[in-house]
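Take a look at the structure below.
Readers should treat all values here as calculations from the given coordinates under stated rules, not as data from a laboratory. Fair warning: this is a prediction, and the values are worked out from it, not measured in the lab. Quick reminder, even Gly has a Cβ in these numbers, built from the backbone with ideal geometry, and neighbours come from all protein chains shown.
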Amino acid sequence: MTEQANPLLQVRGLVKHFPTGGLWVGSHGRQAVKAVDGVDLDVGAGATLGIVGESGCGKSTLGRLLLRLIEPTAGQVRFDGEDILAMNASALRRVRRRMQMVFQDPFSSLNPRMTVGSALAEPLSLHRVVPAGQRRDRVAELLDMVGLAPDHAGRFPHEFSGGQRQRIGIARALAVEPRLIIGDEPVSALDVSIQAQIINLLKGLQKQLDLTLIVIAHDLAVVKHISDRVAVMYLGQVVELADTSDLFHEPRHPYTRALLSAIPLPDPGRRKRAEHLQGDVPSPSNPPTGCRFHTRCPHAVERCSIEAPTLETDNSGHAVACHLWRELPAAGAATLSEPSGSDNFHKRAAILEARRKQPAPA
């Protein structure tokens, strides 16, 4: 993989195995779920990396490892030049002010017994971001930044819609003035029209505050809209990594091609060739030998079942872990670049935001 110059976040050989109660057949010790199994990533300051894959591929576990919310089995995570996995509790608390997460379910991530104002003031107090006398003004400022009114500070989470609660979750993440925000499926629990607003809010805040974003999602339309680069994960490993336009117009890994071919076209009169996957996703506690995708790949040969491919990068920074990608027939760029129903994010979000700001009828 081509290394970026001075990346804000650098990940090398990151591994997380969750032990189970069973035993391997033989003498290999306890069985383990290989949730993340050797991930390398670079994320530049101010960039947006999208991480995509099927449920169970390890992308949410990866997000938590990057913030050290869970302890890794092996590997290195360097944030702004510092290895966060080698830090003690005091140093980790200091660096976590600069790294925050927005979770999938905004309701479960907010304390139902705390008002919004108290929830936003808590990290201000914990990290001593502003003096006590200025916290109320800072809470009002945070609410305004995410499109909510200052008088919402006195309300409780259950008094808000899902989209409004996610705005509060974003405001809470912004309270400590981070440099990096990781969104773990930040819009998957929301209506499609509200997803547009939240994604555009994140993009606007990124530009305004010079934020670096990592967005974990299974919705390819969301990833395409917000990301500069995309990492595709399968069974705990990154199988393809590229600039967003390159990935959507020239996917190289058979798994990426299958994901993209499943995007529905908005024109019911048009058809496109779908690349169907064989069988079910193997168990992460006992992944296949060789290429982990070979049991479902329509192009697999004997080598794929024996030898694990490395993540090979070309001069453009497009990386793929596949023995056969050069020999595969060209993917149809026109088909893959067709807009999905979610590609009108900007237009829809602008209309909805304008309606939301209109005064209520007397």
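Would you check which residues across region 233-261 are more than 19 Å from residue 43 (Cα to Cα), touching a helix residue (DSSP H, G or I) at 6+ places or on another chain (Cβ under 9 Å) and not in a loop (DSSP other than H, G, I, E, B) and list them? Hits for region 233-261 are 234, 248, 249, 256, 257, 259, 260, 261. If the condition is being without any contact (Cβ under 8 Å) to a residue 40 or more places away in the chain, of a type outside the set (D, E, K, R) and surrounded by fewer than 20 Cβ atoms within 10 Å (Cβ to Cβ), then region 165-193 contributes no residue at all. Please go through region 73-95 and give me each residue that is in a helix (DSSP H, G or I) and in contact (Cβ under 8 Å) with a residue 60 or more places away in the chain, ordered by number. Once the filter is applied, which keeps residues that are in a helix (DSSP H, G or I) and in contact (Cβ under 8 Å) with a residue 60 or more places away in the chain, region 73-95 yields nothing. Inside region 301-327, residues that are surrounded by 15 or more Cβ atoms within 10 Å (Cβ to Cβ), in a loop (DSSP other than H, G, I, E, B) and in contact (Cβ under 8 Å) with a residue 24 or more places away in the chain make up a count of 8. Residue 50 meets all of the listed conditions (1) in a helix (DSSP H, G or I); (2) within 22 Å of residue 207 (Cα to Cα) but one, namely (1). Note on region 97-138: residues that are of a type in the set (Gly, Ala, Ser) and surrounded by fewer than 20 Cβ atoms within 10 Å (Cβ to Cβ) total 6. Across region 42-85, the qualifying residues are those that are within 22 Å of residue 285 (Cβ to Cβ) and more than 17 Å from the chain's Cα centre (by Cα), and the one among them that is surrounded by the most Cβ atoms within 10 Å (Cβ to Cβ) is 72. Filtering region 140-185 to residues that are part of a helix (DSSP H, G or I), within 22 Å of residue 202 (Cα to Cα) and of a type in the set (D, E, K, R) leaves 141, 144, 165, 167, 172. Yes or no: residue 238 within 11 Å of the chain's Cα centre (by Cα), among the hydrophobic types (A, V, I, L, M, F, W, C) and buried (at least 23 other Cβ atoms within 10 Å of the Cβ)? The answer is no for residue 238.
For region 120-139, filtered to residues that are aliphatic (A, V, I, L, M) and part of a helix (DSSP H, G or I), the residue that is nearest to residue 150 (Cα to Cα) is 139.
Let me confirm something: among 198, 216, which residue is touching a helix residue (DSSP H, G or I) at 6+ places or on another chain (Cβ under 6 Å), in a helix (DSSP H, G or I) and crowded, with 24+ Cβ neighbours inside 10 Å?
Going through 198, 216 in turn, just one is touching a helix residue (DSSP H, G or I) at 6+ places or on another chain (Cβ under 6 Å), in a helix (DSSP H, G or I) and crowded, with 24+ Cβ neighbours inside 10 Å: 198.
Looking only at residues in region 197-232 that are in contact with a Leu (Cβ under 7 Å, 6 or more places away or on another chain) and among the small types (Gly, Ala, Ser), the one that is nearest to residue 162 (Cα to Cα) is 227.
Among the residues of region 139-197, those identified as of a type in the set (Ser, Thr, Tyr) and over 25 Å from residue 67 (Cα atoms) are 161, 193. As for region 97-119, it holds no residue that is part of a helix (DSSP H, G or I) and under 26 Å from residue 9 (Cα atoms). Tallying residues that are over 19 Å from the mean Cα position of the chain (by Cα) and surrounded by 18 or more Cβ atoms within 10 Å (Cβ to Cβ) within region 146-164 yields 8.
Evaluation of residue 68 against the conditions (1) touching a Leu at 6+ places or on another chain (Cβ under 7 Å); (2) outside any loop (DSSP other than H, G, I, E, B); (3) of a type in the set (D, E, K, R) shows that the sole unmet condition is (2).
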